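Inspection log for the structure reproduced underneath, given as structure tokens.
Each reported figure results from applying straightforward, stated rules to the coordinates on display, with no laboratory input. What you are looking at is a predicted structure, and each value in this text was computed from that prediction instead of being measured. FYI the Cβ positions are ideal-geometry reconstructions off the backbone, even for glycines, and counts take in every protein chain you see.
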């Protein structure tokens, strides 16, 4: 289901609370394939990066230059918006 994603995840051991780190790469295109890939990425993050007693760190190259990470805002398009809602809000 997620074979098209470029994601590596690992757990840090001997830390409380438990921490999972996800390293993500998203190609820098903005066509329909990019929209589909972002939707798959959001689905993955909702499935694997949620949990009551677990912290998550997401790093990598998302190639989303229109997101203002400090202000938690972005352009209203089908590539930037889903990631903003999933990660920042």
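I need the calculated FRET efficiency for the pair residue 1 and residue 81, taking r as the beta carbon distance and R₀ as 30 Å, to the nearest 0.05.
Working: r = 22 Å, r/R0 = 0.74.
Calculated transfer efficiency: 0.85.
Note on residue 53 and residue 21: the model spin-label points, each 7 Å out from Cα along the C-beta direction, lie 2.3 nm apart. Using C-alpha pairs below 8 Å separated by at least 6 residues, the relative contact order for the stretch 4-72 is 38 percent.
For the chain, the equivalent ellipsoid built from the Cα gyration tensor has semi-axes of 23, 15, 11 Å, listed from largest to smallest. Simple spin-label estimate for residue 8 and residue 30 gives 2.9 nm between the two label positions (7 Å along the Cα-to-Cβ direction from each Cα).
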